[in-house]
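Throughout, read-outs are computed from the coordinates displayed, never taken from laboratory work. Keep in mind that this is a model prediction, so the values were computed, not measured. We place every Cβ from the backbone using ideal geometry, glycine too, and count neighbours over all the protein chains shown.
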């Protein structure tokens, strides 16, 4: 019988190293690693670890730990390199992670000095949603935002 801590570590390791699309796949991988748990327990563990299903850019949704990048399975010319560790794209939207309490101030700076590439921002406590204008590359948008967060 393995401990909960070992099981949670195994879940994290599997999600970080493999492409897992659903709980059934994760449950099978855990069983292959010697963990015998129910789907309900796995669901609670996923919630506790704050694991989310994210689009992988290839018409699939995969499990992802908070604040990690997706595993790279292949590189195509359409994939963009990560320009800044706190900037992440989802479709045509940009998410900027900040230190707690800083998002509103940075978003206000972006809006006040809005480069043409940026249409608007929405800020929480530590996250900014940036809505870019159409027709700009991800690199161009990231460069416009980077000057506000460095």
> Counting each DSSP H run of 4 or more residues in the chain as -39500 (n - 2.57), what helix-only mean residue ellipticity at 222 nm follows after dividing by all residues, to the nearest 500 deg cm²/dmol?
Replying inline: -11500 deg cm²/dmol
> Is any residue of segment 99-126 close enough, with backbone N under 13 Å, to a label point placed 7 angstrom from the Cα of residue 133 along the Cα-Cβ axis, and if so, which?
Replying inline: 114-120
>> Per 0.36 nm of contour for each residue apart, how much would the distance between residue 21 and residue 113 grow if the chain were fully extended, relative to their Cα-Cα spacing?
In response: 29.0 nm
> Going by how many other Cβ atoms sit within 10 Å of their own, how do 59, 109 line up, fewest first?
Replying inline: 59, 109
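Give me the orientation-averaged projected area of the Cα convex hull of segment 1-44, in nm², one decimal.
Working: hull surface 11.2 nm².
Directional mean of the projected Cα hull area for segment 1-44 stands at 2.8 nm².
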>> For semi-axes √(5λ) of the Cα gyration tensor in Å, one of (1) 35, 18, 11; (2) 57, 27, 13; (3) 30, 22, 19 was computed from the structure I shared and the rest are decoys. Which label?
In response: (1)
> For residue 90 and residue 33, what does the FRET efficiency come to when R0 = 25 Å and r is the distance between their Cβ atoms, rounded to the nearest 0.05?
Replying inline: 0.20
>> Relative contact order for the chain: what percent, with Cα pairs under 8 Å and sequence separation of 6 or more?
In response: 16
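Of all alpha-carbon pairs in segment 87-149, indicate the percentage at a distance above 16 angstrom.
Details: 648 of 1953 pairs.
Across segment 87-149, Cα pairs with separations above 16 Å total 33 percent.
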